[in-house]
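One structure below.
The values are calculated or read from the model by the stated rules, or taken from the named source; none is laboratory data. The shown structure was predicted, so the numbers you read here are calculated from the model rather than taken from an experiment. Here Cβ is always computed from backbone atoms with ideal geometry, including for glycine, and neighbour counts include all displayed protein chains.
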Amino acid sequence: MQVSKGLFAALSLTALATTVQAADEVVVYSARIDELIKPVFDAYTAKTSVKVKFITDKEAPLIARLKAEGANTPADLLITVDAGNLWQAEQEGVLQPTKSELIAANIPAQYRSSTDSWTGLSLRARTIFYSTERVKPSELSTYEALADKNWEGRLCLRTSKKVYNQSMTATLIETHGAAKTEELIKGWVNNLATDVFPDDTALLQAIDAGQCDVGITNTYYFGRLLKQQPDLKVKAFWPNQNDRGVHVNLAGAGVTKYAPNPEAAKKLLEWMTTAEAQTIFAGVNQEYPANPAVAVSPEVAAWGTFKADNIPTEVAGKRQAEATMLMDRAGWQ
């Protein structure tokens, strides 16, 4: 079929207009809830006039959706929490490598994928929290020491089914090897004061209420609870400061494999690593900026400083299956 030159030109202009229009919008699939990411996207739109449309859900359904949609996906960017989830998305083939000198300059290599498939955007420490009424900081030292006899009947843990604990265990395996880590986890399980908790907030409340004396949770849960309960009788302790440091994980993002607008997605992702965006993103979430040049919020700064573990966070994904099986063998439910 022949197409007239006039019609061809009109069709070309229509296609061009559609492309330009599409590039003025970025679609994000996010495992972070609306209130934690909307301020960042609003700031980006105000700065660039590029609209950010986002859909929120749990990480597993979002990754499954990206796989099902394939080349027809409308999503340009995937945001989720925990390096284990980001690594899983990379392995499932729903992300594409995105080379960026700006991202590499802003975010340390340990908080990025070695294949450039994702980058961390904010950090959280999974550290020890203790009762200020029943525990002296001098009694605490390391994660490993929580397996000692003197903590029997005094420890609280969140369920092993949560990826945060799987990632922490993965880094313990990387540090100590499987046999020593399994012995350590068995010690924790033996010291439990109560059944494992479904979430970190409930665990912190249990410490405050006297159900247990110590526990391990992510720092941002503490920050959020402290806003609701300023008289919370719980504080953070930074373990392993004389050896490897505190276990740190992250929230991060990557450009989807079939992103309709990969360059627009890359620009948004790059901007999210800058000081302007990092201040908003970490501040709203009560987290630490992944960009080390950006100061933490006053609320987070009040918890004190610590030395972080320098194990690459993608280890959390690489050893995730091994960690899950080990936790099951050790009786961590």
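Per-residue answers, yes or no, for (1) at positive phi; (2) outside the structural domain of Asn218 (by TED's automatic domain parsing); (3) surrounded by fewer than 22 Cβ atoms within 10 Å (Cβ to Cβ):
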site: Arg32; (1), (2), (3): no, yes, no
site: Thr45; (1), (2), (3): no, yes, yes
site: Asn72; (1), (2), (3): no, yes, yes
site: Ala105; (1), (2), (3): no, yes, yes
site: Phe129; (1), (2), (3): no, no, no
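Can you give me the number of residues within the range 132-158 that are crowded, with 19+ Cβ neighbours inside 10 Å and touching a Lys or Arg at 6+ places or on another chain (Cβ under 7 Å)?
Residues in the range 132-158 being crowded, with 19+ Cβ neighbours inside 10 Å and touching a Lys or Arg at 6+ places or on another chain (Cβ under 7 Å): 0 in total.
For the list (1) closer than 27 Å to Tyr221 by Cβ; (2) touching a strand residue (DSSP E or B) at 6+ places or on another chain (Cβ under 8 Å); (3) in the same structural domain as Arg65 (by TED's automatic domain parsing), I need the number of the one condition that Asn240 fails.
Result: Asn240 passes all but (3).
Taking the conditions exactly as written (among the polar types (S, T, N, Q) and assigned by TED's automatic domain parsing to the domain that holds Pro137), does Asn190 satisfy them or not?
Values: among the polar types (S, T, N, Q): yes; assigned by TED's automatic domain parsing to the domain that holds Pro137: yes.
The answer is yes for Asn190.
Residues Gly254, Gly317: which one is buried (at least 19 other Cβ atoms within 10 Å of the Cβ), closer than 29 Å to Lys161 by Cα, small (Gly, Ala, Ser) and assigned by TED's automatic domain parsing to the domain that holds Gly223?
Details: Gly254 fails: assigned by TED's automatic domain parsing to the domain that holds Gly223.
When all the criteria are applied, what remains is Gly317.
Would you mind stating whether Lys67 is outside any helix (DSSP H, G or I) and not aromatic (Phe, Trp, Tyr)? Explain how you work it out, then say what you get.
Working: outside any helix (DSSP H, G or I): no; not aromatic (Phe, Trp, Tyr): yes.
So Lys67 fails the test.
Grab the helices (runs of 4 or more DSSP H) fully contained in the range 123-232, keeping just those with 3 or more residues being charged (D, E, K, R) and more than 22 Å from the chain's Cα centre (by Cα). Reasoning before the result, please.
Values: elements: 163-176, 178-190, 200-209, 219-228.
Qualifying helices (runs of 4 or more DSSP H): 178-190.
Considering only residues that are of a type in the set (Ser, Thr, Tyr) and in a helix (DSSP H, G or I), which ones fall in the range 243-289?
Here is the first cut: in the range 243-289, the residues of a type in the set (Ser, Thr, Tyr) are 256, 258, 273-274, 279, 288.
Result: Thr279, single match.
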